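Visitor: Have a look at this one.
The values are calculated or read from the model by the stated rules, or taken from the named source; none is laboratory data. These numbers come from a predicted model, not from an experiment. Here the Cβ positions follow ideal geometry from the backbone for every residue, glycine too, while neighbour counts run over all protein chains shown.
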Amino acid sequence: MPENSANWPEPFVAPAWDPCPALPPVRITNVKAICTAPDGIRLVVVKIETNEPEIYGLGCATFTQRPLTVVTAVEEYLKPFLIGRDPDDIEDIYQTSFVSSYWRSGPVLNNALSGVDMALWDIKGKRAGMPVYQLLGGKVRKGAWLYAHASGSDVKEVEESVRHYMEQGDRYVRAQMAVPGMSTYGAKAPASAGKSAGTLDVRQQPWEPTAYTATVPKLFDHLRNTVGWEVELLHDIHERVPPIQAINLAKELEQYKLFFLEDPFSPEDIDYFPLMRQQTSTPIAMGELFVNQAEYVPLIRDRLIDFIRVHISDIAGISMARKMAAFCEFFGVRTAWHGPGDVSPVGHAANLHLDLNCYNFGIQEGHEFKQNTREVFPGTPEIRDGMMWCNEKPGLGVDIDEELAAKFPFPDHALNGAWPQVRRLDGTVIKP
Ligand code: MG
């Protein structure tokens, strides 16, 4: 010891570290799947309750064609696995739940995981007093541009439909047109189609790929010559045509400068994407049916698509989607999350919070929920001026009126809840 040690300063001692000094311990006390169909579409929403009555979360687990399988996965398997856990541990709960079934992936298990994952993000936002987009890193835009759905039985009707949306402020419009005598995806049947005329997607009629691929370029030629070039136009092939016909169609449409052409191939045919890229610069959106990262990672890494179009509950929720979006950013791929009526308002809110935060946002598909759904789900994101807007409440910002939800039970599972069959003229069933 030096002689003058008594004059040395006191050694530094770090104060005891408390990771969350403001937050008392919270535990998961219940996990349940709520089934409701306020607009006639079967929706499944997971609610996670805690020992703090006001701290609960909601997550979308809607697999509308097989909803009861998801309910079983949530209530029989995830609920006993999660009771007693700390809801703050979102990542560890996702990872442990993911491997707890040993066999994993697929729409049933992913939707169950999504219900839990979104509910935990909702809880964390409420505990922090912040909207979820703040937890992700904050806003980079004020709202999310939406695309509208125009359709008609002929070019004139589709033109009128596109004009209608342009007049109400939409800048992005998807255009789908019926093929006479055929059961076409996303378009009204012609008035001559008989008693089902005027309904969407008359599926009892046959469908032929060549009749369709001959029709679509005529539609876009008409639209560019009438509504002009300022509106962004989109189109969905919906995986219905043989891959080489999809490539041919994408080449023909190149001159009309689509914002994107969606799902040219089915997930089983994704090895055609390199051939597509060598043939045309039409922007491609893909992924509505993806459930496994082995399907989408190569398409993003090799820059073979322009928009990732997954249904967030089908890839297991916000945790997976935020990683996917960050991965896409490095490869110039933009987000275009699937957002039809069979995503619950809670799922639409999850889409929106990611849209607000992700720099590489591309476009959002929106759905105008009817009054019944908006009453069952207070806080459903608002749509105006061609955009979707966040209500700025903590968490995802959407609640559920469980008593009202119970007044809208699932409709009969007609055709076993299935997407109705689409067949060619010779009777061969095709992907829908
Ligand atoms: Mg689609």
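Visitor: Identify, please: which residue in the range 220-252 is within 16 Å of the ligand (Cβ to nearest atom) and of a type in the set (A, V, I, L, M) and is, among those, farthest from the chain's Cα centre (by Cα)?
Guide: Leu249
Visitor: In the range 374-425, how many are aromatic (Phe, Trp, Tyr) and either over 21 Å from the mean Cα position of the chain (by Cα) or within 16 Å of Val44 (Cβ to Cβ) (or both)?
Guide: In the first step, residues of the range 374-425 are kept if they are aromatic (Phe, Trp, Tyr); the result is 377, 389, 408, 410, 419.
Adding the requirement that they be either over 21 Å from the mean Cα position of the chain (by Cα) or within 16 Å of Val44 (Cβ to Cβ) (or both) leaves 377, 408, 410.
Adding up the residues that qualify gives 3.
Visitor: Could you tell me which numbered condition Gly347 fails, if it satisfies all but one of (1) surrounded by 24 or more Cβ atoms within 10 Å (Cβ to Cβ); (2) in a loop (DSSP other than H, G, I, E, B)?
Guide: (2)
Visitor: A further question follows. Quick one: what pairs do we get from the range 262-281, first residue away from the ligand (no atom under 15 Å from the Cβ), second of a type in the set (Gly, Ala, Ser) and part of a helix (DSSP H, G or I), C-beta under 7 Å, 6+ apart or different chains?
Guide: Met276/Ala250; Thr280/Ala250
Visitor: Does Leu425 satisfy the criteria of being in contact (Cβ under 8 Å) with a residue 60 or more places away in the chain and closer than 30 Å to Phe259 by Cα?
Guide: So Leu425 does not fit the description; no.
Visitor: Could you check the range 26-39 and list, in sequence order, the residues that are surrounded by fewer than 20 Cβ atoms within 10 Å (Cβ to Cβ) and more than 20 Å from Pro378 (Cβ to Cβ)?
Guide: Result: Val26, Arg27, Thr29, Asn30.
Visitor: Could you pull out the residue among Ile318, Ile312 that is buried (at least 24 other Cβ atoms within 10 Å of the Cβ) and within 16 Å of the ligand (Cβ to nearest atom)?
Guide: Only one candidate passes the filter, namely Ile312.
Visitor: Another question, if that's okay. Out of Leu258, Leu354, Leu289, which single residue is aliphatic (A, V, I, L, M), assigned by TED's automatic domain parsing to the domain that holds Ala148 and more than 16 Å from the ligand (Cβ to nearest atom)?
Guide: Checking each option against the conditions leaves just Leu354.
Visitor: So, one more: Restricting attention to the range 380-431, report how many residues are part of a helix (DSSP H, G or I), of a type in the set (Gly, Ala, Ser) and exposed (fewer than 11 other Cβ atoms within 10 Å of the Cβ).
Guide: Going through the range 380-431 one residue at a time, the tally reaches 1.
Visitor: I need the helices (runs of 4 or more DSSP H) fully contained in the range 48-124, keeping only those with at least 2 residues that are surrounded by 18 or more Cβ atoms within 10 Å (Cβ to Cβ) and of a type in the set (Ser, Thr, Tyr).
Guide: 90-100
Visitor: Could you list, ordered by first residue, the pairs with Cβ atoms under 9 Å in which the first is in the range 218-245 and more than 25 Å from His338 (Cα to Cα) and the second is within 16 Å of the ligand (Cβ to nearest atom), at least 6 apart or interchain?
Guide: Lys218/Met177; Arg224/Leu233; Val227/Val173; Val227/Leu233
Each row is one residue, and each column tells you yes or no for (1) within 23 Å of Ala349 (Cα to Cα); (2) in contact (Cβ under 8 Å) with a residue 12 or more places away in the chain; (3) touching a strand residue (DSSP E or B) at 6+ places or on another chain (Cβ under 8 Å); (4) of a type in the set (A, V, I, L, M, F, W, C).
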position: Leu43; (1), (2), (3), (4): yes, yes, yes, yes
position: Thr50; (1), (2), (3), (4): yes, yes, yes, no
position: Tyr56; (1), (2), (3), (4): yes, yes, yes, no
position: Thr62; (1), (2), (3), (4): yes, yes, yes, no
position: Pro67; (1), (2), (3), (4): yes, yes, yes, no
position: Val71; (1), (2), (3), (4): yes, yes, yes, yes
position: Val74; (1), (2), (3), (4): yes, yes, yes, yes
position: Pro80; (1), (2), (3), (4): no, no, no, no
position: Ile83; (1), (2), (3), (4): no, yes, yes, yes
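Visitor: Consider Ala325 carefully, then state whether it is part of a helix (DSSP H, G or I) and within 15 Å of the ligand (Cβ to nearest atom).
Guide: It is false that Ala325 is part of a helix (DSSP H, G or I) and within 15 Å of the ligand (Cβ to nearest atom).
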